[in-house]
Amino acid sequence: MTAVADTRLLLELEFPADEESRDRVRALFRNELASRLIAPSVVLSEFMKVAGGRMGESAARARIGQFKERGMRVVPIDEGHALEAGRLMLSSRGAPVADALIASFVVAGEAEYVVTDDPHFRELGARSKWF
């Protein structure tokens, strides 16, 4: 089944902590792409903020283009996702809005899990998977 990418996945691909992490996150990304990985549009905003600040806007945009060329599907945040995210934040008030929007895809049954090691997703009721 489809998984949903957290920004953490894309940032770890671009800025791995070490060689072992780099190899493991690349393998994870390849496997998830084979299962039709989706990335909510808010993930692009977060990636641009962090990666663009480190590598420049043009390079960050190019990297997003490469992720898409490899098969990552960008999906828009719609009214249903926004409302579901708001509902999730009622019970997990410390969770960031972007995390709730990403988790809404799992809670709504559009994805099986979020590819991340961020503990906010468990608090929001979304399964997660990491290397």
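Some points to look at:
- All helices (runs of 4 or more DSSP H) inside segment 1-96 with 2 or more residues being within 13 Å of the chain's Cα centre (by Cα): 7-14, 19-34, 41-55, 57-69
- The residue pairs whose first member lies in segment 1-17 and is polar (S, T, N, Q), whose second member is surrounded by fewer than 18 Cβ atoms within 10 Å (Cβ to Cβ), and whose beta carbons are closer than 6 Å, counting only pairs six or more residues apart or on different chains, are THR2/ARG36.
- Put simply, of ARG93, ARG87 the only residue that is touching a Ser or Thr at 6+ places or on another chain (Cβ under 9 Å) and either of a type in the set (Lys, Arg) or farther than 12 Å from ALA39 by Cα (or both) is ARG87.
Conditions (1) in contact (Cβ under 8 Å) with a residue 60 or more places away in the chain; (2) loosely packed, with under 13 Cβ neighbours inside 10 Å; (3) within 15 Å of ALA3 (Cα to Cα); (4) not small (Gly, Ala, Ser), marked per residue:
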{"position": "LEU44", "(1), (2), (3), (4)": "no, no, no, yes"}
{"position": "VAL74", "(1), (2), (3), (4)": "no, no, yes, yes"}
{"position": "GLU79", "(1), (2), (3), (4)": "no, yes, no, yes"}
{"position": "VAL107", "(1), (2), (3), (4)": "no, no, yes, yes"}
{"position": "ALA126", "(1), (2), (3), (4)": "no, no, yes, no"}
{"position": "TRP130", "(1), (2), (3), (4)": "yes, no, yes, yes"}
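- Of all residues assigned to segment 49-57, none qualifies as being of a type in the set (Asp, Glu) and in contact (Cβ under 8 Å) with a residue 40 or more places away in the chain.
- A count restricted to segment 57-87 and to residues that are in contact with a helix residue (DSSP H, G or I) (Cβ under 9 Å, 6 or more places away or on another chain) and of a type in the set (Lys, Arg) stands at 4.
- Test: residue in segment 106-115 that is assigned to a helix (DSSP H, G or I) and modelled with pLDDT of 95 or more: yes
- For segment 1-32, filtered to residues that are charged (D, E, K, R) and closer than 19 Å to VAL74 by Cβ, the residue that is surrounded by the fewest Cβ atoms within 10 Å (Cβ to Cβ) is ARG30.
The values are calculated or read from the model by the stated rules, or taken from the named source; none is laboratory data. Small disclaimer: the values here were computed from a predicted structure and weren't measured. Note: ideal-geometry Cβ built from the backbone for every residue, glycine included; neighbour counts use all protein chains shown.
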